[in-house]
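One structure is given here, and the rest of the page talks about it.
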Amino acid sequence: MSENPVKRPGKDGSRNKFKPVQEEGGTPGWFRSKGESPQGKFPGFLLFLMAGLLMLFVFLRFFSGTDAPEITYNEYKSVLSRALVTEVTVKTYEDKSAILSGKLNAPAQLQLIDKTTLQTNRFAVRVPSFTLEQADMLTEKGVRLKVEKGSSDLNTFLALFAPWIIFAALYFFLFRRMSGQNGAQAKNIFSFGKSRAKMVSEFEVKTTFKDVAGVDEAIEELQETVEFLTNPEKFQKIGGKIPKGVLLLGPPGTGKTLLAKAIAGEAKVPFFSISGADFVEMFVGVGAARVRDLFEQAKKNAPCIIFIDEIDAVGRSRGAGLGGGHDEREQTLNQLLVEMDGFTTNENVILIAATNRPDVLDSALLRPGRFDRQITIDKPDIRGREAILKIHTRNTPLDGDVDITVLAKSSPGFSGADLANLVNEAALLAARHEQVLITAVNFEQARDKILMGPERRSMFISDEQKKLTAYHEAGHVLVSIHTKGSDPIHKVTIIPRGRSLGLTAYLPLEDRYTHNREYLLAMITYALGGRVAEELVFQECSTGAANDIEKATDIARRMVRQWGMSESLGPINYGDSHKEVFLGKDYSHIREYSEETALQIDVEVRNIIMGCMENAKTVLSEQLAVLHRLAGILIEKESLNAREIQEITGPGQGALPNPVTA
Ligand SMILES: Nc1ncnc2c1ncn2[C@@H]1O[C@H](COP(=O)(O)OP(=O)(O)OP(=O)(O)O)[C@@H](O)[C@H]1O
Ligand SMILES: [Zn+2]
């Protein structure tokens, strides 16, 4: 059954292999590969073929009527009264000429019948319009009626077809659900086993290394990959082995996809891109078929690049899944490994994959001969941010007051995607105000939106709620100003933003790569400042502090369990409290310490939190008058920036206003 009657593209395959598909919201010019994979199509095809054959068979029997038993008119009459008959064939013998000449007053339906049909003495009439009286009339006029099929027809029809109709309906329903996408995809019901890879031909990849910034080391390493693709002979001549796979590791939005595309653009080869999640389907075997198809397609288009984003969706350690469904994923992963082993380096296909969870990847994927090259891409540092901002502002008209260096300084922790978003948001704001140039104010508003979420000014807040929020936020602010090691405050607001009613935003002065104990304790302390202020002023606490408590607890737990920062428990790893959530390979180690130790961890965590809370209480009790003043001004003005805050509070021993943003 490996052959099927589906039309295959021509041998050369070049003309009709790719059909332009306008992706929803995507860039025009993306192409969806139309691969062929008989194995993948098999289940859907077989079923529809069977259904089709069956229908054909029934139809033939139904309409041919040649070998159907003929019944007399009387029988026919009783049949008609018994059940609904969809169609009958009427034979005229004597008076065919009468009907033809119109002398016979035949029912309308009979008159409409094609005369050639009549000449063969046989024609079909729809019974609902062919009543008993009409039949009687015809008989009176001398037309002999013979009915060839009985009433059981409809029943037979239903009995035979109902299961198939239901089945087909289910099939379509499930397919739509599974593909989880628009109808466009559901239209192609035979595409189960085809890879969903999008292909961009070499003429369309316009991205080059010039479009990627802040990742110079990665580019240096990848330059070699480009050479493999453009000049493979050079390496093969000296017996060098071309790497088959490059794994890009790094947090979201750092430009992994962009880099992969840039390699394709530099080498001027086609680029297949697919997400790991696209392989995974409900049906067993589909993912594997898709992998097979993808590689087939790629080999045909070699030299080329396959890019698999989020490879962790298929590449998770095997044998670690919980519950059902992982068999399919394992099969897909196995197929991927097989394909990677299968294609030789001469084939000139390079697989690039990206993930931000390298820790959960199956070790087989990382073995030499597969993804033997691993490149880490981190969030950009200040120089990187400046370079990225320069790229993204290349074609935007900037006002003279916009300083890219200052922007880069004031956006620590931003990824490349965040920075692209920053420029875009600023441009949108400028456009909304019908400005010709983007100003520094636009950028500041855009940054606030990215840092704190969009404002929700329309949300109704009662005065009481506003007051509570103002004291809560003022609590955060004051505690951080008077706690050593705190991050600089960027802004405080009681305008609802994102999911919170109020917000105190911090902006570190520089990129931090490690944190010391003092800094962590300060973070816990000011996180609790909001709740402490509520308690102090209203002698009550609200649910608004839930998020703060969660953050504080998380830090305290990690200090004890991971970072060895508790005196009594020492520098021992007690397991990452978060890893158990992922059902990856960490599933096996839920706890590797005794009951007593568990108890001790809890005690230590509580000690840290309570200690920090005491400190916050001390600060706020001492600063109660300032707290009232700050909260009052906050209610009035709703938002305060770092400089305005410091004018009210005066300097403390902790957070200073960020000199760049103040
Ligand atoms: N280093 C960079 N230089 C220039 N632009 C960048 C950089 N990093 C990210 N961007 C911008 O952010 C966008 C998104 O980045 P991209 O999709 O490549 O990130 P990613 O690392 O693949 O993210 P994810 O892991 O979420 O898939 C890019 O299209 C580009 O506009
Ligand atoms: Zn808070």
Checked against a 26 Å limit on the C-alpha separation, the offending pairs among K491/K617; K198/K237; K210/K300 are K198/K237; K210/K300
Long-range amide H partners of S275, meaning residues 5 or more apart or on another chain whose placed amide H is closer than 5 Å, are D309
Expected field for M610, accessible surface area in Å² at 1.4 Å probe radius, rounded to 10, holds 100
Computed over region 382-451, the distribution of all Cα-Cα distances in 10 Å bins, rounded to whole %, is 22, 62, 15, 0
Sorted by chain and number, the residues with a modelled amide H under 5 Å from that of I438, at a separation of 5 or more or across chains, are L398, D399
A correct Karplus calculation of ³J(HN,Hα) over region 460-467, with 6.51 cos²θ - 1.76 cosθ + 1.60, θ = phi - 60°, whole Hz and x for Gly and Pro, returns 7, 10, 6, 4, 5, 5, 4, 5
If each part is reduced to its alpha-carbon centroid, region 353-382 and region 519-544 end up apart, in Å, by 40
Rg (one decimal) and Dmax (whole number) from the Cα set of region 463-649, in Å, equal 18.0, 55
Counting only protein heavy atoms with a 1.4 Å probe and every protein chain in place, the carbon and sulfur fraction of the accessible surface of region 463-649 in whole percent equals 50
Checking rank on 435-441, 259-265, with mean other Cβ inside 10 Å and highest first, the result is 259-265, 435-441
Non-local residues with an amide H under 5 Å from the amide H of I377, with H modelled 1.01 Å from N and Pro and chain starts lacking one, are L249, G250
Of E510, E434, ordered by accessible area with the largest first and a 1.4 Å probe, the sequence is E434, E510
Ordering 487-500, 300-313 by per-residue average of other C-beta atoms within 10 angstrom, highest first, gives 300-313, 487-500
Here, trypsin sites (Lys or Arg not before Pro) of region 510-554 satisfying both criteria (DSSP loop; at most 15 other Cβ within 10 Å) are R512
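The values are calculated or read from the model by the stated rules, or taken from the named source; none is laboratory data. No experiment lies behind these values; they were computed from the predicted model shown. Neighbour counts run over all protein chains shown; Cβ positions are idealised from the backbone, glycine included. Each accessible area value is taken on the protein alone, full model and side chains, heavy atoms only, with ligands, DNA and RNA left out. Shrake-Rupley method; radii C 1.70, N 1.55, O 1.52, S 1.80 Å.
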